[in-house]
Amino acid sequence: MNGPVPVNSVSLHGNEQRYLEECIRTGWISSEGPFVARFEAAIAELSQRRFAIAVSSGTAALDIAISALGIAAGDEVIMPAFTIISPAMQVVRVGAVPVLIDSDPLTFNLDVAAIEAKITPRTKAIVAVHLYGLPVDMDPLLALAAKYKLKVIEDAAEMHGQTYKGRPCGSFGDISIFSFYANKHISCGEGGMVMTNDPVLAASCRKLRNLCFDPELPRFVHRALGWNYRLTNLQAAVGLAQAEQLTATLEKKRAMGVYYRERLAFLEDAGYQLPLAANDHAESCYWVFTLVAPNEREKERLVSILHEKRIGTRPFFWCLHEQPVFQEMGLFAGETYPVAERLGRCGFYVPSGVGLTRDEQNRVIACLRDAFSGS
Ligand SMILES: *Cc1c(COP(=O)(O)O)cnc(C)c1O
């Protein structure tokens, strides 16, 4: 009897256990322990940044980025309509407005050519979110930001080790961020990182992560509001061990993606869109293996066949302008982003965690093949 195939599974076969035992043996479990600085140094090197500040999640990293850049009430922040809610939350909380951009139908990333028409005197920043496998076209985005003096936040949560024209994702813009959630290429269960080259921004991010304790004030005296977004030594120990294995992880994910692409080509005849393998800027890192169905009903049909066979799937992100929480606030009334909406409704991904075995992958492929044979 075959067990379930989870949509994500982790691989913890490097130094994770040894480093965790070191935490226990030395008694260092809080954010004060030495693995935090070692993990920060490893990520700074990976992203070719001067500063990397470890935090408790990718969402926390985005909250800090928005706050450190001084985004405030009345400001506008350009971001994709199709993304996780994380980049929008702190923007909305401070009373600023997310200004949305439709998606590129092939990469799923925001359509950079549509940005300039949305820039107004109130625009303060652009959030570039790399989605699922291929990076945002950063050069024209950065050129626009320079022309209009806008800040850039790079959400590289899914892109550890990916490059854009040979430059590492996580190295772009004023502030970039990673997530280390369990389904990312480097994971510590929950975790995140804020990266920057600017020492003033770095100092500000460090304060925001730690309740805005101020080195110039007595302990427990505060001049500003921050968060407790600290990462623990235990998490950093796992993160460092995971970072050491990134090359092998990326190779495995690419091989998995290529294998799926070859064996699922028949889905294209049925009107499905398989992930783009490469474009001028990069080869896909296949963070997850995406399928976009020709319509919503067909997506539901296939997902339920997979679930009957206990094969996990996850839907795509749901567009920001269609989020009930934002609609109830009166945001995005009457706005429509047709590509993003289609992705949100028709897209999903199949098991593609780094811990997935070839046997499990073959079961996913066989199940999809059965779903189209004869019946
Ligand atoms: C995972 C993810 C996040 C959020 O990271 P968490 O660590 O789960 O808070 C943000 N942006 C993107 C694009 C993501 O994929």
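Of note:
- When the Gaussian network model of the chain links Cα atoms closer than 10 Å, the mean-square fluctuations of Val354, Val339, Val200 top out at Val200.
- Other-chain or far-sequence residues with amide H under 5 Å of Phe213's (modelled H): none
- The chain: most fluctuating residue of Val221, Val99, Val129 per GNM, C-alpha cutoff 10 Å: Val221
- Where the chain is the region considered: accessible area per residue in Å², 1.4 Å probe: 43 Å²
- Per-atom-type breakdown for segment 320-375 gives carbon and sulfur 52% of the accessible area (1.4 Å probe, protein chains only).
- Alpha carbon centroid spacing (whole Å) that separates segment 135-150 from segment 313-375: 28 Å
- Selected from Arg230, Arg93, Arg342 as most flexible by GNM, with the chain as the system and alpha-carbon contacts under 10 Å: Arg93
- Simple rule: put +1 on each Lys or Arg Cβ and -1 on each Asp or Glu Cβ in segment 130-191, find the dipole, and look at Ile177, Ala146, Gly191; the Cα lying farthest toward the positive end is Ala146.
- Couplings 3J(HN,Hα) of segment 41-51, computed from phi: 5, 5, 6, 4, 5, 4, 9, 6, 10, 6, 10 Hz, in residue order, whole Hz [Karplus 6.51 cos²θ - 1.76 cosθ + 1.60, θ = phi - 60°; x for Gly and Pro].
- Take the Cβ atoms of Ser304 and Ser373, set R0 to 22 Å, and the FRET efficiency comes out at 0.80.
- Residues of type aspartates and glutamates that Lys151 reaches as a straight line, Cα spacing below 13 Å, ignoring anything fewer than 8 places off in the same chain: Asp75, Glu76, Asp174, Asp198
- Between the amide H of Asp75 and those of Val97, distances stay under 5 Å, these residues lying 5 or more places away or on another chain, with hydrogens modeled in the peptide plane.
- Each residue of segment 299-306 was assigned a 3J(HN,Hα) from its phi angle through the Karplus curve 6.51 cos²θ - 1.76 cosθ + 1.60 (θ = phi - 60°); the sequence is 4, 5, 4, 5, 4, 6, 5, 4 Hz, with glycine and proline shown as x.
- In the chain, the DSSP-assigned H stretches of four residues or longer account for a calculated mean residue ellipticity at 222 nm of -11000 deg cm²/dmol, using -39500 (n - 2.57) per stretch and the full residue count as denominator.
- Counted over segment 44-152, the DSSP beta bridges are approximately 15% antiparallel.
- Beta bridges by DSSP in segment 105-259, antiparallel share as percent, to the nearest 5: 55 percent
- Secondary structure note: in the chain, about 60% of the DSSP beta bridges are antiparallel.
- Average projection area in nm² (convex hull over Cα atoms of the chain, one quarter of hull surface): 20.1 nm²
- 3J(HN,Hα) along segment 58-67: x, 5, 4, 4, 5, 4, 5, 4, 4, 5 Hz, from the Karplus curve 6.51 cos²θ - 1.76 cosθ + 1.60 with θ = phi - 60°, whole Hz, x for Gly and Pro.
- Relative contact order (percent, whole number), the chain, Cα cutoff 8 Å, 6+ residue spacing: 24 percent
The values are calculated or read from the model by the stated rules, or taken from the named source; none is laboratory data. This structure is a prediction, so every number in the text was calculated from the model and none was measured. Positions of Cβ are generated from backbone atoms using ideal geometry, with glycine treated the same way; all protein chains shown enter the neighbour counts. For accessibility, only protein heavy atoms count, side chains too; no ligands or nucleic acids. Shrake-Rupley method; radii C 1.70, N 1.55, O 1.52, S 1.80 Å.
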